[in-house]
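**Q** Can you keep this structure in mind? I'll have questions shortly.
The values are calculated or read from the model by the stated rules, or taken from the named source; none is laboratory data. As the structure is a computational prediction, the values presented were derived from the model and not from experiment. All Cβ positions, glycine included, derive from the backbone under ideal geometry; neighbour counts span all protein chains shown. All accessible areas refer to the heavy atoms of the entire protein, side chains included, with ligands and DNA or RNA removed. Shrake-Rupley method; radii C 1.70, N 1.55, O 1.52, S 1.80 Å.
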Amino acid sequence: MGDIRERPEPVTESITITDNRTGESIEIPITDGGVSASEWSKLLPGIWFYDPGFTSTAACESSITYLDGEEGILRYRGYPIEQLAESSTYLEVAYLLLNGELPNAEQLAVWQHDITHHTFIHENVRKRFLEGFHYDAHPMGMLVSATAALSTFYLDAKDIFDPVSRDKQIVRLIAKMPTLAAAAHRFSVGMPFVYPDNSLGFTANFLSMMWKTAEPRFDANPALARALDVLFILHADHEQNCSTTAMRVVGSSHADPYSATAAAAAALYGPRHGGANEAVIRMLGDIGSMDNVEAFVESVKRGDGGRLQGFGHRVYKSYDPRAKIIKRTADEVFEITGKNPLLDVALKLEEVALSDEYFTSRRLYPNVDFYSGLIYQAMGFPLEMFPVLFAIPRTAGWLAHWQEMLEQDSKIARPRQLYIGAEERNYVPIAER
Ligand code: ACO
């Protein structure tokens, strides 16, 4: 696997700045819209770029996902997210992210076959590891730990520069995520483990492992399996988000992909990232009814109601294109499951916020999490599973970035700091403190 396309010609320009300390003019080259920090440091030695949260830093070059937050554009390998959500499947998109091109029929068949035949997990992962958790363990905590544990089951994963081994780990990780996820859920609610049914498609198999209660098989509603597939497409990648950055940072030390994926999943566990759709459901539940929406919005504006969960985004300063697609998917799902009673509160909240100067002036729009939780809840997933449902498809994106980083022969991630601590001082024995 790996991107086989040629890198486009770099676009180079430059700016000239004057160093007021010396009066010297310095020409700074700009390539593809970025200034090389290491080149800049050579010109201005001893001056660091201070950028906590990386709001103004491009940490890498990437040809995987294009995102224009001003215009609300998201493309995987050049293909608009709207077209992929309409016509593609999650596994096809995973192949695209990893290989740079859409598969032909034969390539897709081989890829689907490979994924389907790596869905089983080692019996010790299940019996000794997953079933060793405390009875009320959070499924996302279980998923993070079990993913890390997989590295001890596949010692060939250490051969990260062997393309054959690398491809095998990529297939294993994408294939086993739904199995681990469903196992974590079933354990957390006291239900016995269900083996994958490899006669089923990717999402239908996951739904079967989640909900099966009787032999011989569980047949998910095809429309719900498709809706989940669309949600998986929308969540498959989002360029240098927090968890993908964690994947690249850990991967840059040449850790094996299971350990790096576990680190990425751990980043996703946080409420500011993968936990936001759970926060949306809790917020909508607290609001309770459409009548309370305006008062709630006022409390957010005053600062005593917390943030409007599912609103705002570091990059999108217009409507998140994924949120638009999700809104449509929600209607399709609710036709089958019945409407989530919190939908009316959500719609009213969106309407009130989008006509309020506080939100429009700060360019706060619904993000992907605003409606996704409503769908997951209507499909029967407990709130604790929401970050897990994010981690399953994002695994393809994480691995695409991991692979791209290895092929770029990047340096180990090791930023500098601006030290603001104590000057040198002498140790004081405890009796004298
Ligand atoms: N509700 C109310 N006010 C908000 C919100 C919100 N959801 N988001 C941002 N603001 C306000 C801030 O108070 C700030 O206002 P100020 O200038 O008066 O101080 C301004 O908008 C800018 O906010 P920042 O925190 O600087 O924006 P940042 O880009 O750092 O944060 C974030 C982005 C974390 C997503 C933020 O919008 C937020 O907390 N949203 C709610 C949580 C959420 O939905 N997260 C999911 C993100 S998508 C994902 O990870 C898949």
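**Q** Using Cα-Cα distances under 8 Å and only pairs 6 or more residues apart, what relative contact order does segment 296-433 have, in percent?
**A** Averaging sequence separation for qualifying contacts and normalising by length gives 28 percent for segment 296-433.
**Q** Write down Rg/Rh for the chain, rounded to two decimals, with Rg from the C-alpha atoms and Rh from the Kirkwood relation over Cα pairs.
**A** My calculation of the ratio gives 1.00.
**Q** Report the extension gain between Gln83 and His117 in nm, rounded to one decimal, defined as 0.36 nm multiplied by the number of residues separating them, less their alpha carbon distance. The partial results should precede the final answer.
**A** Details: separation 34, 0.36 × 34 = 12.24 nm, distance 2.84 nm.
Fully extending the segment from Gln83 to His117 adds 9.4 nm.
**Q** Kindly report the accessible area of segment 107-217 per residue (heavy atoms of protein chains, probe 1.4 Å, no ligands, DNA or RNA), in Å².
**A** 45
**Q** Roughly how far apart, in whole Å, are the Cα centres of segment 264-287 and segment 95-126?
**A** Here the answer is 29 Å between Cα centres.
**Q** When we measure straight from the Cα of Lys348, which lysines land under 25 angstrom away, once same-chain ones fewer than 8 places off are left out?
**A** Cα-Cα hits under 25 Å: Lys301, Lys317, Lys324, Lys327, Lys339.
**Q** Report the gain in length on full extension from Ser410 to Phe161: 0.36 nm times residue separation, minus Cα-Cα distance, nm rounded to one decimal.
**A** 88.3 nm
**Q** Take the alpha-carbon centre of segment 1-69, take the same for segment 133-169, and report the distance between them in whole Å.
**A** Computed from Cα coordinates, the inter-centre distance equals 35 Å.
**Q** Could you rank Trp211, Trp111 by how accessible they are, 1.4 Å probe, largest area first?
**A** From most accessible down to least: Trp211, Trp111.
**Q** Which aspartates and glutamates have a Cα less than 17 Å from the Cα of Lys127, not counting those fewer than 8 places away in the same chain?
**A** Partners within reach: Asp136.
**Q** Now for a different question. Once you put a point 7 Å from the Cα of Arg307 and another 7 Å from the Cα of Glu432, both along the Cβ direction, what distance in nm separates them?
**A** 4.8
**Q** Here's something else I'd like to know. Give the carbon-plus-sulfur fraction of the accessible surface of segment 1-57 in %, rounded to a whole number; probe 1.4 Å, heavy atoms of protein chains only.
**A** Here it works out to 54 percent.
**Q** With r defined as the distance between the Cβ atoms of Glu424 and Arg217 and R0 fixed at 56 Å, what FRET efficiency is calculated, to the nearest 0.05?
**A** 0.20
**Q** In deg cm²/dmol and to the nearest 500, what is the mean residue ellipticity at 222 nm of the chain if only DSSP H runs of at least 4 residues count, each as -39500 (n - 2.57), divided by the residue total?
**A** So the calculated ellipticity at 222 nm is -15000 deg cm²/dmol.
**Q** Still on this structure: Cut-off under 19 Å on the C-alpha distance; same-chain residues fewer than 8 positions from Lys411 excluded. Which lysines are left, in chain and number order?
**A** Lys42, Lys158
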